[in-house]
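See below for the structure under consideration.
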Amino acid sequence: MQGYQADIQTFTDSGAVVFGVSTDPLDTNKKFAESLSLEFAILSDEGGAVSKKFGVLNERNMSNRTTFVIGKDGKIAHVESGGGAIDPAGAAAACSKL
């Protein structure tokens with residue numbers, strides 16, 4: 001999350017909107033975002049419905065760390081998971097091509 005915050009201008013310059021999604025409750029996400037001084041929202045997917053639809057909900061009912069870049073056409077243009085999802089470089093490159 002901190003990497004995305006550090007590069008937030010790169011995303012906004014390309015017209016992208018950054019947000020996180022977590023299966024944690026809204027109040028937990030809010031405190032987490034505040035603790036990192038994030039300028040983007042962390043949305044709550046408590047119950048995991050969205051995570052399940054995107055195929056990232058694991059057996060512990062938590063989302064696996066994954067970054068999705070979704071184009072204006074609503075189609076997934078780029079996916080990174082695991083450790084790669086922490087580094088915003090791939091997502092920023094994908095956003096610049098949209």
Percent carbon-and-sulfur accessible area, the chain, ignoring ligands, DNA and RNA, probe 1.4 Å: 53 percent
Across Lys31/Lys53; Lys31/Lys75; Lys72/Lys97; Lys52/Lys97, pairs whose alpha-carbon gap is larger than 21 Å: Lys31/Lys53; Lys31/Lys75; Lys52/Lys97
Total formal charge among the other residues, if their Cβ is under 14 angstrom from that of Ile42, Lys/Arg +1 and Asp/Glu -1: -3
Long-range amide H partners of Ser81 with built H, under 5 Å: Thr67
Where labels lie 7 Å past Cα in the beta-carbon direction, separation of Glu34 and Asp73 in nm: 4.2 nm
Loop GluC sites (Glu not before Pro), the stretch 1-67, which have at most 15 other Cβ atoms in a 10 Å radius of their Cβ (DSSP): Glu39, Glu46, Glu59
Karplus (6.51, -1.76, 1.60) ³J(HN,Hα), θ = phi - 60°, over the stretch 37-48, in Hz, Gly and Pro reported as x: 6, 6, 9, 10, 7, 10, 7, 9, 10, 4, x, x
Solvent exposure, largest accessible area first (probe 1.4 Å, DNA, RNA and ligands not counted), of Asp24, Asp45: Asp24, Asp45
Percent RCO, i.e. relative contact order, over the chain, from Cα pairs under 8 Å lying at least 6 residues apart: 25 percent
R0 of 41 Å, Cβ-Cβ distance Met62-Gln9: FRET efficiency to nearest 0.05: 0.85
Helix-only mean residue ellipticity at 222 nm for the chain, each DSSP H run of n ≥ 4 adding -39500 (n - 2.57), per residue, nearest 500: -8500 deg cm²/dmol
1.4 Å probe accessible area per residue over the stretch 1-73, in Å²: 69 Å²
Nonlocal amide H pairs with Gly20, under 5 Å, H built at 1.01 Å: Ala41, Ile42, Leu43
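The values are calculated or read from the model by the stated rules, or taken from the named source; none is laboratory data. Small disclaimer: the values here were computed from a predicted structure and weren't measured. Quick reminder, even Gly has a Cβ in these numbers, built from the backbone with ideal geometry, and neighbours come from all protein chains shown. Heads up: the accessible areas ignore ligands, DNA and RNA and are worked out on the full protein's heavy atoms, side chains in. Shrake-Rupley method; radii C 1.70, N 1.55, O 1.52, S 1.80 Å.
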